[in-house]
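The values are calculated or read from the model by the stated rules, or taken from the named source; none is laboratory data. The structure presented is a predicted model; accordingly, all values stated were derived computationally and were not measured. Ideal geometry is used to build each Cβ from the backbone, glycine not excepted, and the neighbour counts take in all protein chains shown.
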Amino acid sequence: MAGPHPDAFPLTRHSVVGALGATDVVARAAAFDVLARSYWRPVYAYIRLRWRREPEDARDLTQEFFTRALEKGYFDRYDASRARFRTFLRTCLDAFVANAAQHAGRLKRGGGLLERVDFGDVEAALPAALRSEQPDPEECFRREWIRGLLTEAIATLRDRCEAHDRALAFALFSRYDIEGPDAAARQTYTSLATELGTTAIDVTNQLAWARREFRAVVLEQLRALSGSDEEFQAEARALLGISPP
């Protein structure tokens, strides 16, 4: 799986979920690539917590799940009127892991859609949940799905800023919104303007532009990953507190 790039979500006008069963091989492969990038984190975390598999086994199961889903058409029977897509995906995942436990020797090792992802990033966030006697795999799945979506959105925003000569906008967004309002190195708009050789007004405008673009990117991703408009609206309200048109 390649890293994020300007066309990380090429199916934004059409649901990626809807393209999973496409007869066009290229469109289908592109949809699965987007899906794998968006869901490998929650899938891995869920396998670790719900199924209590060791890291190496969880990595292999995560890879094999997406490979089998593409090959066997796991998601072809998805019905958007009955459940959110990520709920359906988790149901497919449970069935896959349960079956894999009966055929452990058939599990493939590495490669495929997730060749270059960093599973250690997710593993580092799991110790507290793994120590819990009653972990909440579903909540962890939701949390990691959101974290993955925002990580992809930040990467896409960075690429857009580079493409549009907006390096300052991304730097300001990173300083104020990614690091957070309590970051130790946070400066005033005036001091940043002095440091960067611009004006406080320009700092304000650049930051506002970056925030608008980031929200647009997040909405594009949510729309692409939703099985219906109702699901998209619900996800946007839950994540951003807005009801997009």
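Of everything in segment 22-56 that is under 20 Å from SER132 (Cβ atoms) and surrounded by fewer than 17 Cβ atoms within 10 Å (Cβ to Cβ), the residue that is nearest to the chain's Cα centre (by Cα) is PRO55. Filtering segment 128-182 to residues that are crowded, with 17+ Cβ neighbours inside 10 Å and part of a loop (DSSP other than H, G, I, E, B) leaves PRO135, ARG166. The residues listed here are GLY110, GLY73; of these, the one that is more than 20 Å from PHE141 (Cβ to Cβ) and at pLDDT 90 or above is GLY73. When PHE119 is tested against the conditions (1) more than 18 Å from SER38 (Cα to Cα); (2) at pLDDT 90 or above, the lone failure is (1).
Would a scan of segment 69-85 turn up a residue that is farther than 14 Å from TYR39 by Cβ, among the hydroxyl-bearing types (Ser, Thr, Tyr) and not in a helix (DSSP H, G or I)? Checked segment 69-85: at least one residue is farther than 14 Å from TYR39 by Cβ, among the hydroxyl-bearing types (Ser, Thr, Tyr) and not in a helix (DSSP H, G or I). Might you check whether a residue that is within 30 Å of PHE32 (Cβ to Cβ) and surrounded by 14 or more Cβ atoms within 10 Å (Cβ to Cβ) occurs anywhere in segment 193-208? No - not one qualifying residue is present in segment 193-208. Would it be correct to say that ASP33 is over 19 Å from ARG143 (Cα atoms) and either free of Cβ contacts under 8 Å to residues at least 24 places away in the same chain or of a type in the set (Asp, Glu) (or both)? Taking the combined requirement at face value, the residue satisfies it.
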